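The values are calculated or read from the model by the stated rules, or taken from the named source; none is laboratory data. A quick note: this is a predicted structure, and the numbers were derived from the prediction, not measured. Backbone-built Cβ (ideal geometry, glycine too); neighbour counts: all protein chains shown.
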């Protein structure tokens, strides 16, 4: 029955598309600047359906993630109209909104409130809303939790040894102190035993992303937010003592991570996991679940789990689709945003293994089946993360300087991670850099 | 007499050029396209950059702002990261260029004296130069990889320490230097080899007949005759190293921390990550000024030598 319904839908879609194609002689041109890679490849098919339904021609411009922000800002400042739809990282939203680079979509979504309501309130607060307006829709979320080797936590030999050493039961960490203990416990040399078997290479307690990429700040957001602090306090300044504290804890963890921690980004950590080198991650992007779960194929007896980060706080982020204020066709661009971020496409995106942003998709029982575990197995955890973080929003996302701060902060943080400077010096340098960027205390929107 | 070449030449020239142009205007016409391109793509942007150095220029706020006098220069000169980047650039340039010159000239001498597989070796030397640093840098990043890289695999197999090539702040810069040496030493070698092959034979034959030692020939004949070529390579490599960006961007992104952040990379970060075009332009103008001064000092003897030779000819 399901099959015949699906076939009928496809036929209907094709026939309507075909009919439109005959009528559509002068399609409206829009251009979408976005991130090269899976996120965009998966969207190519959805772009086609939008074109067919709306008599539009969408040109997708793939840009490497490291250059996307720069390129978009230049086009926005020049008001070139080169991009109608732009893709923004969470920390960039306020800057684009404040400077008039993107158009508010509050009015547009007035009769489509259901779509906005479908975005988890936590994700909505972080990625969609700014100063009471709606600025687009996220189409992909890389919100963080943690990945652990559940088989290690469940092993009776390891449990007994852990209890003997630390005096409490080995289980998924709920505090950062426990996380540290587990990282230390599982750090072993080649030849040592793990789950009763000798290791043929060194094994590490944790994989860290301390390389020269804007990810060490994503990791550190988890303990910083977890301790009730933020990258910017209410006065718009960096809380130096708090940053120093989490950075010192992070430095202590570096001992239990592969040395490559200082050069890798998220894919490097995933490679370490799949290469049976690490027991768990720090705060980590849950969208990487399909990658992480491959560890089970590579490492004998491995069982992966996606869990919430200790203290139930971690980086929440998503790629926001927004409409450029210099767009020549803003109406069509807004329709496109609603199309890609809307429930139909998000459902299809999820079926392809994408990390959807809509609650209706994330809670859809069809993705909770054992067959879907390897592609969508992180959805339940993602919902828990959003639920645990309900009502939370970082000041980093409420300042129009958020993007610049975000793009700068890995430098002092990584300097400390590499031992070039101390945690205190890094925290002070970060505070000075932020003050320089904002020209004083950073303005924080309510 | 009117039909002699001396008098008929100049008189006939305007006819062939058409429109009765004088030699002076004809030469102006010839260089005009090049000058126009230079004006549009170099002089005008430079003038605009100079203008921006005296203004508030936070591009992400939408536009270039009001004039602020010398404030940007004050900020840049007081910026420790700027001087740190300058120091990194200087260290990189001195070591990389120095080693490239020594190794390159050494290879050139070996090749010059080689009797076997000379052509093949010369062709192989071109390979590192044939691909951009952005691509080869990516290969090297994998070679340097602490866990999966070939370098550490080889070192580990030999029981030697396995460095964290790009992650250890004490050696990351030297890892970039090593990459640059791999890529650009062949350039020095090939140019030096061409210079060696172009040297006149007579003075060397005379020196041999006079019983001069190899060392004497090398110091009194080979190097002095090769000096203009080597000097040119030195200047070219220095300029290239001073504006190093691509290798850093691909290998380390300036990290760990700021350990490999060169002047150009810092300029890029300031201009295109923070969008402070005012600071970036100020750095660029200062950078250009330093380079111009250095170039004038470095190139004057060379230009003089070329001019003298032209006069002699």
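Within region B:191-207, identify whether any single residue is within 14 Å of chain A (Cβ to nearest Cβ) and either crowded, with 16+ Cβ neighbours inside 10 Å or in contact with a helix residue (DSSP H, G or I) (Cβ under 7 Å, 6 or more places away or on another chain) (or both), and answer yes or no.
No: region B:191-207 contains no residue that is within 14 Å of chain A (Cβ to nearest Cβ) and either crowded, with 16+ Cβ neighbours inside 10 Å or in contact with a helix residue (DSSP H, G or I) (Cβ under 7 Å, 6 or more places away or on another chain) (or both).
Between B:271, B:257, which is in contact with a helix residue (DSSP H, G or I) (Cβ under 7 Å, 6 or more places away or on another chain), within 14 Å of chain A (Cβ to nearest Cβ) and surrounded by fewer than 24 Cβ atoms within 10 Å (Cβ to Cβ)?
Being in contact with a helix residue (DSSP H, G or I) (Cβ under 7 Å, 6 or more places away or on another chain), within 14 Å of chain A (Cβ to nearest Cβ) and surrounded by fewer than 24 Cβ atoms within 10 Å (Cβ to Cβ) holds for just one of B:271, B:257, which is B:271.
Does residue B:276 qualify as being more than 25 Å from residue B:180 (Cβ to Cβ) and touching a strand residue (DSSP E or B) at 6+ places or on another chain (Cβ under 8 Å)?
Considered against the rule, which asks whether it is more than 25 Å from residue B:180 (Cβ to Cβ) and touching a strand residue (DSSP E or B) at 6+ places or on another chain (Cβ under 8 Å), residue B:276 comes out as yes.
Yes/no per residue for (1) in contact (Cβ under 8 Å) with a residue 12 or more places away in the chain; (2) within 24 Å of residue A:262 (Cα to Cα); (3) part of a helix (DSSP H, G or I):
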site	(1), (2), (3)
B:249	yes, yes, yes
B:257	yes, yes, no
B:265	yes, yes, yes
B:268	yes, yes, yes
B:279	yes, no, yes
B:286	yes, no, yes
B:295	yes, no, yes
B:300	no, no, yes
B:309	no, no, yes
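So which residues in region A:382-400 are more than 14 Å from chain B (Cβ to nearest Cβ) and either touching a strand residue (DSSP E or B) at 6+ places or on another chain (Cβ under 6 Å) or not in a helix (DSSP H, G or I) (or both)?
Matches in region A:382-400: A:385, A:389, A:390, A:391, A:392, A:393, A:394, A:398.
Scan the helices (runs of 4 or more DSSP H) fully inside region A:147-233 and keep the ones with 3 or more residues being in the same structural domain as residue A:429 (by TED's automatic domain parsing) and closer than 25 Å to residue A:246 by Cα.
In region A:147-233, A:156-166, A:176-186, A:216-226 are the helices (runs of 4 or more DSSP H) which contain 3 or more residues that are in the same structural domain as residue A:429 (by TED's automatic domain parsing) and closer than 25 Å to residue A:246 by Cα.
In the set A:62, A:99, A:70, which member is buried (at least 16 other Cβ atoms within 10 Å of the Cβ), within 29 Å of residue A:399 (Cα to Cα) and under 23 Å from the mean Cα position of the chain (by Cα)?
Of the residues listed, the single one that is buried (at least 16 other Cβ atoms within 10 Å of the Cβ), within 29 Å of residue A:399 (Cα to Cα) and under 23 Å from the mean Cα position of the chain (by Cα) is A:70.
If only one of A:403, A:426 is at the interface with chain B (Cβ under 10 Å from one of its Cβ atoms), within 20 Å of residue A:123 (Cα to Cα), assigned to a helix (DSSP H, G or I) and under 26 Å from the mean Cα position of the chain (by Cα), which one is it?
So the residue among A:403, A:426 that is at the interface with chain B (Cβ under 10 Å from one of its Cβ atoms), within 20 Å of residue A:123 (Cα to Cα), assigned to a helix (DSSP H, G or I) and under 26 Å from the mean Cα position of the chain (by Cα) is A:403.
Given the conditions (1) in contact with a strand residue (DSSP E or B) (Cβ under 9 Å, 6 or more places away or on another chain); (2) buried (at least 17 other Cβ atoms within 10 Å of the Cβ); (3) at pLDDT 95 or above, and given that residue A:224 satisfies all but one, which numbered condition is not satisfied?
(1)
Taking the stated definitions as given, is residue B:244 surrounded by fewer than 24 Cβ atoms within 10 Å (Cβ to Cβ), on the phi < 0 side of the Ramachandran plot and not in a helix (DSSP H, G or I)?
yes
Would a scan of region A:394-410 turn up a residue that is surrounded by fewer than 16 Cβ atoms within 10 Å (Cβ to Cβ) and assigned by TED's automatic domain parsing to the domain that holds residue A:243?
Within region A:394-410 (the criterion being surrounded by fewer than 16 Cβ atoms within 10 Å (Cβ to Cβ) and assigned by TED's automatic domain parsing to the domain that holds residue A:243), the answer is no, since none of the residues qualifies.
Residues checked against (1) part of a helix (DSSP H, G or I); (2) within 14 Å of another protein chain (Cβ to nearest Cβ):
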position	(1), (2)
A:273	yes, yes
A:276	no, yes
A:288	yes, no
A:291	yes, no
A:296	yes, no
A:302	no, no
A:306	no, no
A:311	yes, no
A:314	no, no
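For region B:170-188, indicate whether the set of residues that are part of a loop (DSSP other than H, G, I, E, B) and within 14 Å of chain A (Cβ to nearest Cβ) is non-empty.
yes
Among the residues that make up region B:203-210, is at least one of them outside any helix (DSSP H, G or I) and over 28 Å from residue B:304 (Cα atoms)?
Within region B:203-210 (the criterion being outside any helix (DSSP H, G or I) and over 28 Å from residue B:304 (Cα atoms)), the answer is yes, since at least one residue qualifies.
Check residue A:283 against each of (1) more than 15 Å from residue A:186 (Cα to Cα); (2) touching a strand residue (DSSP E or B) at 6+ places or on another chain (Cβ under 7 Å); (3) within 14 Å of another protein chain (Cβ to nearest Cβ) and name the one condition it does not meet.
Condition not satisfied by residue A:283: (3).
On the given criteria, is residue B:75 modelled with pLDDT under 95 and over 14 Å from residue B:266 (Cβ atoms)?
no
Tally up the residues in region A:258-276 that are more than 27 Å from residue A:318 (Cβ to Cβ) and in contact with a strand residue (DSSP E or B) (Cβ under 6 Å, 6 or more places away or on another chain), please.
Adding up the residues that qualify gives 1.
Pick from region B:67-112 the residues that are within 14 Å of chain A (Cβ to nearest Cβ) and assigned to a loop (DSSP other than H, G, I, E, B): which of them is farthest from residue B:176 (Cα to Cα)?
Only one residue fits best here, namely B:68.
Of A:249, A:267, A:241, A:230, which residue is surrounded by fewer than 24 Cβ atoms within 10 Å (Cβ to Cβ) and closer than 19 Å to residue A:183 by Cα?
Of the residues listed, the single one that is surrounded by fewer than 24 Cβ atoms within 10 Å (Cβ to Cβ) and closer than 19 Å to residue A:183 by Cα is A:249.
Considering only residues that are in contact (Cβ under 8 Å) with a residue 40 or more places away in the chain, crowded, with 16+ Cβ neighbours inside 10 Å and out of contact with any strand residue (DSSP E or B) (no Cβ under 7 Å at 6 or more places or on another chain), which ones fall in region A:184-204?
A:184, A:195 - these are the residues of region A:184-204 that are in contact (Cβ under 8 Å) with a residue 40 or more places away in the chain, crowded, with 16+ Cβ neighbours inside 10 Å and out of contact with any strand residue (DSSP E or B) (no Cβ under 7 Å at 6 or more places or on another chain).
For (1) touching a strand residue (DSSP E or B) at 6+ places or on another chain (Cβ under 7 Å); (2) closer than 30 Å to residue B:93 by Cα; (3) free of Cβ contacts under 8 Å to residues at least 12 places away in the same chain, each residue gets a yes or a no:
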| residue | (1), (2), (3) |
| --- | --- |
| B:193 | no, yes, no |
| B:205 | no, no, yes |
| B:215 | no, yes, yes |
| B:219 | no, yes, yes |
| B:222 | no, yes, no |
| B:226 | no, yes, no |
| B:233 | no, yes, no |
